[in-house]
Amino acid sequence: MNNLFDIHTLAESYLRDLEGGKTNFYQEEETPVLPLVDCGMRVVVVREEMPSYLAGIKPSGRPVFTHDMKLAASYDASSWKLDEVLERLKIYDLQVDTMPACWYSNHQ
């Protein structure tokens, strides 16, 4: 019974504040959006057609793709190794993009 009285008291106070124009403290605070990962993040190479995720490059130079992100190779976003892989895929005229890697992707 005591909790019910508290709820009514709070509601009455809120309605009084609405009528008096003192409601700015009831508004949600705007919090800035913070990036989850810094610029040293890991990425995987993806393409639109299936299989989507780059698993690696064969010794012959041919890319190997997989359907499972857990098997995808991940690279540092600003590494020379990623640049080499993207250049290799341009040779084969493959349209690819990068996306953030999940914690379970294959760190190579």
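Miscellaneous remarks
- Within the stretch 34-46, restricting attention to residues that are of a type outside the set (Gly, Ala, Ser) and modelled with pLDDT under 60, the residue that is farthest from Val96 (Cα to Cα) is Leu34.
- Subset of the stretch 66-89 that is of a type in the set (Ser, Thr, Tyr) and more than 15 Å from Ala55 (Cα to Cα) - its residue that is modelled with the highest pLDDT: Ser79
- Flag for Ser60 being among the small types (Gly, Ala, Ser), at pLDDT 80 or above and closer than 30 Å to Leu94 by Cβ: yes
- Residue match in the stretch 45-54 (condition: among the polar types (S, T, N, Q) and surrounded by 11 or more Cβ atoms within 10 Å (Cβ to Cβ)): yes
- For the stretch 7-27, filtering for residues that are at pLDDT 60 or above, exposed (fewer than 10 other Cβ atoms within 10 Å of the Cβ) and not in a helix (DSSP H, G or I) leaves 1.
The values are calculated or read from the model by the stated rules, or taken from the named source; none is laboratory data. As the structure is a computational prediction, the values presented were derived from the model and not from experiment. A quick note on method: Cβ atoms are made from the backbone with ideal geometry, for glycine too, and the neighbour counts reach across all protein chains shown.
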